[in-house]
Amino acid sequence: MPHVISTGLGSNLTIVKLDHNPLGAKGMNMIAEGLCKNPNIMQISVTYCEITSEGGEGIQNILLYQASKLLEINLAGNPLGNEGVIKVFEGMAAAKTINTLYMTATEFNDEEEVMEALKFAMTRNKSCTNYDLRHNSMSDEGIDMLAEILAVATHVTKLGITDQISAEALIVLNEALGKNKPGKKGKKGKKGKKK
């Protein structure tokens, strides 16, 4: 399978969609062997494929592939947990072209190691403007950390987050994200002197 995806018939693939297949970590890592050698893949969707933390390494390898043209990866609904999600964020930090990451319901929380990995991804990867992190466990403290990250990662303009946060935390996050919206920077016009 990896050989088929990376060469021959698979070399013309641009979209890989394997949603709702019980790949698990082992299957994901096998597929990743081919995907991380195929420079033409632009979209990968492996939602609800039972990929656990051990599959995070395969996903990381796909993201680390420097000849990649990958624009979007959707990992929603996989129980990656903190360990797997950290691997994904570490790979995202090196990804050159990806602009959208879907991590909805991947069973991570805002522990320090996770937030450090997310900060690393968001601040190092300047091409990814859209992070969907909905349906994961995030406290108000985690939202405060996320707002601090957004102050540095000003290219991030879209962020999906859990709705299980306080109104105050939501205001903090919306303010931070609002500062990153396109058109908010460099709009100070010069006023001419009235004659």
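Computed quantities for the displayed model
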item: Conditions (1) touching a Cys at 6+ places or on another chain (Cβ under 7 Å); (2) over 24 Å from ALA153 (Cα atoms); (3) in a helix (DSSP H, G or I): number failed by GLY34; result: (1)
item: Selected residue (only one of ILE73, ILE86, ILE41, ILE98 is within 25 Å of HIS155 (Cβ to Cβ), β-branched (Val, Ile, Thr), crowded, with 20+ Cβ neighbours inside 10 Å and modelled with pLDDT under 95); result: ILE41
item: Hits in region 8-29 - residues which are assigned to a helix (DSSP H, G or I), modelled with pLDDT under 95 and of a type in the set (A, V, I, L, M, F, W, C); result: LEU9
item: Pick from region 139-150, criterion under 15 Å from ILE171 (Cβ atoms) and among the hydrophobic types (A, V, I, L, M, F, W, C), ranking: surrounded by the most Cβ atoms within 10 Å (Cβ to Cβ); result: LEU146
item: Region 39-55 residues that are more than 14 Å from LEU23 (Cβ to Cβ), paired with ones that are surrounded by fewer than 16 Cβ atoms within 10 Å (Cβ to Cβ) and small (Gly, Ala, Ser) (beta carbon under 6 Å, 6 or more apart); result: PRO39/ALA67
item: Any hit, region 74-82, residues being in contact with a helix residue (DSSP H, G or I) (Cβ under 9 Å, 6 or more places away or on another chain) and assigned to a helix (DSSP H, G or I); result: yes
item: Helices (runs of 4 or more DSSP H) lying entirely in region 108-188 (those with 2 or more residues that are in contact (Cβ under 8 Å) with a residue 24 or more places away in the chain and in contact with a Ser or Thr (Cβ under 6 Å, 6 or more places away or on another chain)); result: 140-152
item: Qualifying position, being surrounded by fewer than 16 Cβ atoms within 10 Å (Cβ to Cβ) and on the phi < 0 side of the Ramachandran plot, among LEU118, LEU170; result: LEU170
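The values are calculated or read from the model by the stated rules, or taken from the named source; none is laboratory data. These numbers were taken from a predicted model, which means no experiment stands behind them. Positions of Cβ are generated from backbone atoms using ideal geometry, with glycine treated the same way; all protein chains shown enter the neighbour counts.
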